[in-house]
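The values are calculated or read from the model by the stated rules, or taken from the named source; none is laboratory data. Since the model is a prediction, treat every value here as computed from it, not as a measurement. A quick note on method: Cβ atoms are made from the backbone with ideal geometry, for glycine too, and the neighbour counts reach across all protein chains shown. What goes into the accessible areas is simple: the full protein's heavy atoms, side chains included, and nothing from ligands, DNA or RNA. Shrake-Rupley method; radii C 1.70, N 1.55, O 1.52, S 1.80 Å.
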Amino acid sequence: MASECVGRRFVCRSTVGMDPLLKFFRGGLLHAQRVSPIRHSNFTTTSNVLLPAVNTNGALVAPVVSKEAAKAMKRSSQVWLPILLMCLAAVANAQSFRVQCPTTTITHPSALHDNNSEPAYSGPTTLQLGTSGYMVPKANVNGAIKCQQISGGDGYSTMGDGTQTYMFSFGPLSGLSKIANGQPGTDTPTEFNTVYTGTTLQPGDPATTVNSAVPVAMPISFYDGAVGLVNDVPYLATIYSISEGATLQCGTPPVACNPGFSAKTVTVVLNTAVMFKAGDQIKISGQDTTGYNGTFTVGTVGVHNPYFSDNFAFTYTNTTTGLAEVVESTSATAASTPGVDGHVDPRQIMDIGVMNGNIPAPLMAIDEDDEFFLTLTNVGMIMRPDLFEQHTVHFHGYPNASSFYDGVPDASVAINIGASFTYYYLAPDAGTYFWHCHITPPEHLQMGMVGQMYVRPRQNRVAVGGNLYTARALQDTDLRTACVSASDILCSNPLPALNTGATRPSTGGYAYNDGDGSTYYDVEYPLQIHGFDPNFHFVGMTFNPEGFADMKDKYFLLNGRSYPDTVMPGPLETQSADGVNHFSQPLPSIITLHPGQKALLRISDLDVTEYQTLASLGIPMKVIGYNAKLLRDQAGNNLYYTTNSITLAGGESLDVILDSTGIPTGTYYLYTPNLDHLSNDAENFGGLMTEVHVN
Ligand SMILES: [Cu+2]
């Protein structure tokens, strides 16, 4: 197979008969790998190409180039470099698995705030007019930055009767230890941006909990931050000239090139265009540049100099002054220091992500005021190589500011096989949401591409002992969070009618910004209701056309499991197509309460075919929220109600509090009174049921 750059758009494409693999993975990773040889006549020029070598210390060193050779190289590169770069860019875009997890943003500047923790809530963020003309934080920055990476692909799950069921599904590619513990896999930047430093990677390693009796083996043989994260490509360049102060002379008659430079400002002129950015850490080395050597921060890129164009030169600030210029050094180099900016190794992504999808999809949780960077990596569906399925992330019912990150393919973007995309969310309103893939929803939802997510309220961050009513009132002083019924008929979370004087205890949390402590809980359990039609999954695996109208669920799932698996602690394992057990269905549904404790059940229904009812036997259910809104009227009266069953349609969510006060210790049940749903396909047993343990 050959490939070339053709036409005015310089598109690199394969030109000789597509082989079968290429057809299956068109546009994907394999495509990019297979078209890499570039045979354009312009590309055979090698005489001026700089090839790094390895010195005796094992370090990368660049060959020394004279000024003339550098200029010749530059002339030649003017012709072919842009063409090469455009073609490389086309290939690279097709296989980019990059992740994003910034440590500082406009909304969360690290200079004002540690973005790895949630500060106490003491009122709205103070804003001021920034230099770009929009408001930027000035003080009291609320929230933090959160990141997560997920794969979209396929996997197997285990049903309550032991049947292995094929899925289209999402799997975790970050926060693996949290996911395996049944917690949200959402990471802080520090957790996410940590490069794996364990033992040498083997095929299939780092594993999640593959073939391990212990769910999580830390710290080695286990990747926890963004899977596959690698250090940046190291840059190394030879130095043509290095000088200090305003000594360089330009023009005729000669005058100082940069008269404003201080005595400590060093001008470095490379033999190539500067590949560093302002702010990068660089290391200057050389036998004849002793006074200049060391690790510095790049100041300005693009500096007047008498030798080459401005983009060949940059500055840094030295600690000493008065050094003489060194020209045409035989050993001086500028090298980048190891850094992480989101590049990942595709091999590790594929090792972990392929056939490792779960039901439910990775759990996510963020706090109000957060910024959330969620990277979806489409690893392809290895059991259905005939499909070119894209996937997306749709936060269902979520207050997105625009449709761009909404995941509805008609109004947003969809992610191809072999590509990653980072979704960006703000977290304006607390509540229980869920998320799913929005490609062919009846199919991808039925096949398992659904997961839970929730937003915790600001009220959780009120300092211990702080008055909840006062803290809730402070939110009305911020236009973004104000909820005053008198001026806003859409306001669903006004101040409570009664100031109960409730204060923030040192434990537990709240479902909403109630201002009266009424949504307090000690423990919280996300419960996702779902259903599987085994026939649909079978035809989904066996290349048959699937009729949506014939769909009829026969497994009824709580967090991806049917009873009795719902009360089996720890993750389930399922043998995959490669003969290896993969960790699946991480979330049991055992509700554990100590006497007097309250449990918040964040219940969502993602069933494609039917309404689902969940009843509680012996412990009343207090419903406090519906579809991510607090049940409260415009006058501030709580509209909570107590019931022994709730019914949800697909796409709805509801918040319930179980209070064990006065309840005798023992085992209680959450189960469906739709008695035909208390079965696992042909097995007249099981279904939508779990246990509540009061002990
Ligand atoms: Cu999908």
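Counting only protein heavy atoms and a 1.4 Å probe, tell me what percentage of segment 373-460's accessible area is made up of carbon and sulfur.
58 percent
At 1.4 Å probe size, with the rest of the protein present, what percent of the exposed accessible area of segment 468-510 is carbon and sulfur atoms? The partial results should precede the final answer.
Numbers: 1440 of 2350 Å².
That fraction is 61 percent.
Classify segment 446-499 from the C-alpha gyration tensor, please: rounded if a/c falls under 1.5, else prolate or oblate depending on whether a/b exceeds b/c.
Oblate is the answer for segment 446-499, as a/c is 1.5 or above yet b/c matches or exceeds a/b.
For residue 349, what accessible area in Å² do you get when you roll a 1.4 Å probe over the heavy atoms of the protein chains, rounding to the nearest 10?
0 Å²
Rank these residues by their accessible area, most exposed first, probe 1.4 Å: 343, 394.
343, 394
How far, in nm, would the chain grow between residue 676 and residue 320 when pulled straight, counting 0.36 nm per residue and subtracting the alpha carbon separation?
120.0 nm
Which far-off residues, 5 or more places away or on another chain, put their amide H under 5 Å from the one on residue 154, with H placed in the peptide plane?
HN-HN under 5 Å from residue 154: 169, 355, 356, 357, 382.
For 480, 472, 98, give the ranking by accessible area with the largest first, probe 1.4 Å.
Descending order: 480, 98, 472.
Enumerate the calculated ³J(HN,Hα) couplings along segment 419-431 in order (Karplus 6.51 cos²θ - 1.76 cosθ + 1.60, θ = phi - 60°), each rounded to whole Hz, writing x wherever the residue is Gly or Pro.
Here the 3J(HN,Hα) series is 9, 10, 9, 9, 7, 10, 10, 9, 10, x, 10, 5, x Hz.
What does the accessible area of residue 309 come to, in Å² to the nearest 10, when a probe of 1.4 Å is used?
Per-residue accessible area (residue 309): approximately 50 Å².
Around residue 106, what is the net charge, scoring Lys/Arg as +1 and Asp/Glu as -1 over all other residues with Cβ under 13 Å from its Cβ?
Net local charge, residue 106 excluded: 0.
So, taking all protein chains as they sit and a 1.4 Å probe, how much accessible area belongs to residue 647, in Å² rounded to tens?
Looks like 80 Å² after rounding.
Which value, in nm² and rounded to one decimal, describes the direction-averaged projected area of the C-alpha convex hull of segment 484-632?
13.8 nm²
Which length gain, in nm to one decimal place, applies between residue 230 and residue 117 when the Cα-Cα distance is subtracted from 0.36 nm times their residue separation?
Residue separation times 0.36 nm, minus the Cα-Cα distance, leaves 38.2 nm.
What ³J(HN,Hα) values, in whole Hz, does the Karplus curve 6.51 cos²θ - 1.76 cosθ + 1.60 give for segment 607-620 when θ = phi - 60°, with x put for Gly and Pro?
Couplings: 5, 8, 10, 9, 5, 10, 10, 10, 10, 10, 9, x, 10, x Hz.
Got a sec? What order do 527, 387 fall in by accessible area at 1.4 Å, biggest, i.e. largest, first?
Result of the area sort, largest leading: 387, 527.
So who's got an amide H within less than 5 Å of the one on residue 502, skipping anything under 5 residues away but keeping other chains? H placed 1.01 Å off N, in plane.
The list, which skips near neighbours in sequence, is 468, 469.
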